[in-house]
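A.B. asks: Pasting a structure below so you can have a look.
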Amino acid sequence: MARKKKKKGFEGTIAAQNRKARRDYFITETFEAGVILSGTEVKSLRQGRANINESYAGPNKGEIFLLNAHIPEYLAASHFNHDPRRPRKLLLHKREIAKLLGSVQRKGMTLVPLSLYFNQRGIAKVELALAHGNPPYGKRSAV
């Protein structure tokens, strides 16, 4: 069998980070989820122009979507561009989805994206956090 050549020197790159999330929320657990993206979204992410500061994840028909994440249009694409703030489906296992949906609905917790990155294989991933809001006086100790 022929062996696949590995890309040398590729170590996963961060496309976007939500730095305020760790200050504004008390994080209980983190998850890694895949993201369904179109081709122009991937190219725009590789340029590092995404913004997930005001984004969150939420349920829709038994699935989890990344909402309000801004991935700008890829300038080199003409009419094949994407909507910058469209909902993007997250890929998780059924057990993880059930756990997250139960926590969000029953306990009043929130799904917050911490970072959007490419793993070592070059696949786009989102680091999600199951969190609840920090009170304003609790933010001092987190900083």
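The values are calculated or read from the model by the stated rules, or taken from the named source; none is laboratory data. The structure displayed is predicted, hence computed values, not measured ones. FYI the Cβ positions are ideal-geometry reconstructions off the backbone, even for glycines, and counts take in every protein chain you see. Quick note on the areas: whole protein, heavy atoms, side chains included, nothing else; ligands and nucleic acids left out. Shrake-Rupley method; radii C 1.70, N 1.55, O 1.52, S 1.80 Å.
A.B. asks: Using the beta-carbon distance between Lys107 and Asn53 and R0 = 25 Å, what value does 1/(1 + (r/R0)^6) give for FRET efficiency, to the nearest 0.05?
C.D. replies: 0.55
A.B. asks: Here is a follow-up. For every other residue with a beta carbon closer than 11 angstrom to the beta carbon of Ile36, add +1 if it is Lys or Arg and -1 if Asp or Glu, then tell me the sum.
C.D. replies: Overall, the nearby charge balance is +1.
A.B. asks: Same structure, new question: For the chain, taking Cα atoms only, what is the radius of gyration to one decimal and the Dmax to the nearest whole Å?
C.D. replies: Gyration radius and largest Cα-Cα distance of the chain: 16.6, 61 Å.
A.B. asks: Give me Rg/Rg_expected for region 46-99, where Rg uses Cα atoms only and Rg_expected = 2.2 N^0.38 Å with N residues.
C.D. replies: 1.34
A.B. asks: So, for the chain, what is the accessible surface per residue at a probe of 1.4 Å, expressed in square angstrom?
C.D. replies: Per residue, the chain has 67 Å² of solvent-accessible surface.
A.B. asks: Please identify every one of the chymotrypsin sites (Phe, Trp or Tyr not before Pro) in region 40-114 that sits in a loop by DSSP and has no more than 13 other beta carbons within 10 Å of its own beta carbon.
C.D. replies: Phe80
A.B. asks: Pull up all non-local amide H partners of Ile64: gap of 5 or more, or a different chain, and H-to-H distance under 5 Å with H placed in the peptide plane.
C.D. replies: Hits under the 5 Å cutoff: Leu90.
A.B. asks: Let me check against my output: what whole-number percent is the relative contact order of the chain, with C-alpha pairs under 8 Å and at least 6 apart?
C.D. replies: 35
A.B. asks: In a Gaussian network model over the chain where Cα atoms closer than 10 Å are linked, find which of Lys89, Lys43, Lys107 has the largest mean-square fluctuation.
C.D. replies: Ranking Lys89, Lys43, Lys107 by mean-square fluctuation puts Lys107 first.
A.B. asks: OK, next. Could you identify which residue out of His93, His82, His70 has the top mean-square fluctuation in a GNM of the chain using Cα springs shorter than 10 Å?
C.D. replies: Of His93, His82, His70, the most mobile in the Gaussian network model is His93.
A.B. asks: Sort out for me the Cα centre separation of region 42-85 from region 87-136, rounded to whole Å.
C.D. replies: About 16 Å separates the Cα centre of region 42-85 from the one of region 87-136.
A.B. asks: Convert each backbone phi in region 102-117 into a coupling constant with the Karplus relation 6.51 cos²θ - 1.76 cosθ + 1.60 (shift: θ = phi - 60°), then list the ³J(HN,Hα) values in order as whole Hz, x for Gly and Pro.
C.D. replies: So the J values, rounded to whole Hz, are x, 5, 5, 7, 8, 8, x, 8, 10, 9, 10, x, 8, 8, 10, 8.
A.B. asks: Here's another thing I want to ask about it. Evaluate E = 1/(1 + (r/R0)^6) for Lys89 and Phe26, where r is the Cβ-Cβ distance and R0 equals 35 Å; express this FRET efficiency to the nearest 0.05.
C.D. replies: In this case the efficiency is close to 0.85.
A.B. asks: Given points 7 Å out from each Cα along the Cα-Cβ axis, report the Ile14 to Arg121 separation in nanometres with one decimal.
C.D. replies: In this crude spin-label approximation the distance works out to 2.3 nm.
A.B. asks: If you roll a 1.4 angstrom probe over the protein chains with everything in place, what fraction of the accessible area of region 49-143 belongs to carbon and sulfur, to the nearest %?
C.D. replies: Result for region 49-143: 51 percent of the exposed heavy-atom area is carbon or sulfur.
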